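Notes follow the structure.
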Amino acid sequence: ERAIQAYSYAVQLHPTNMLIKQSRAKAVLADSKANDIALQQALRDLKDVVIDRRDSTGAWQLLAQAQARLGNHIDATLALAEVAVQRRQPREAERLMNRVKDKVQDGTPQAFHLQDLQKALADQAEKR
């Protein structure tokens, strides 16, 4: 709780510092009693981080945790697939994408994320 308060104060002072935002989100996720308001803030922080630092597998893993804790299981799985793609683990990425592909509705942000992941995986396969 005190760590979350300290990080929140730091974010007020440095609102564009992604390391502080990621640290605050990590502190929230470490709190098993964190409420939905805190989890939503952690989710917003982590979305900012992955926009700024798309290749941060640590941020994507935390984002998956936040999504799962909020019951957003498709988004959580896509975040884990992102980690697998970045780590060049094609089998794991495929397994995760296959788990959600029939649940994703066309034209949604989830569908676009899935397409981006599929393209990244195909690009990696071409380079092998």
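The values are calculated or read from the model by the stated rules, or taken from the named source; none is laboratory data. Not measured: the values here are computed from a predicted model. Cβ coordinates were reconstructed from backbone atoms using ideal geometry, including for glycine residues, and neighbour counts include every protein chain displayed. Calculation scope for accessible area: heavy atoms of the full protein, side chains included, ligands and nucleic acids excluded. Shrake-Rupley method; radii C 1.70, N 1.55, O 1.52, S 1.80 Å.
Odds and ends about this structure:
- In the range 26-53, the residues that are over 20 Å from P15 (Cβ atoms) and of a type in the set (D, E) form Cβ pairs under 9 Å with partners that are open to solvent by 20 Å² or more (accessible area, probe 1.4 Å) and assigned to a loop (DSSP other than H, G, I, E, B), at six or more places apart or across chains, as follows: D31/E1; D36/L70.
Condition check ((1) closer than 25 Å to I20 by Cα; (2) touching a Ser or Thr at 6+ places or on another chain (Cβ under 6 Å)) across all residues:
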residue: D45; (1), (2): yes, no
residue: D52; (1), (2): yes, no
residue: S56; (1), (2): yes, no
residue: R69; (1), (2): yes, no
residue: N72; (1), (2): yes, no
residue: Q86; (1), (2): yes, yes
residue: R91; (1), (2): no, no
residue: N98; (1), (2): no, no
residue: F112; (1), (2): no, no
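- Considering the conditions (1) closer than 27 Å to A84 by Cβ; (2) open to solvent by less than 90 Å² (accessible area, probe 1.4 Å), S8 is excluded by exactly one of them, (1).
- Residues of the range 52-66 satisfying the condition of being surrounded by fewer than 23 Cβ atoms within 10 Å (Cβ to Cβ) and of a type outside the set (S, T, Y): D52, R53, R54, D55, G58, Q61, Q65
- Scanning the range 11-51 for residues that are more than 22 Å from A68 (Cβ to Cβ) and open to solvent by 20 Å² or more (accessible area, probe 1.4 Å) yields Q12, L13, H14, P15, T16, N17, L19, I20.
- Residue list for the range 10-39, restricted to those being farther than 21 Å from R54 by Cβ and either assigned to a helix (DSSP H, G or I) or in contact with a Gly (Cβ under 8 Å, 6 or more places away or on another chain) (or both): A10, Q12, L13, A27, V28, A30, D36, I37, A38, L39
- Looking only at residues in the range 83-100 that are under 12 Å from W60 (Cα atoms) and part of a helix (DSSP H, G or I), the one that is most open to solvent (accessible area, probe 1.4 Å) is Q86.
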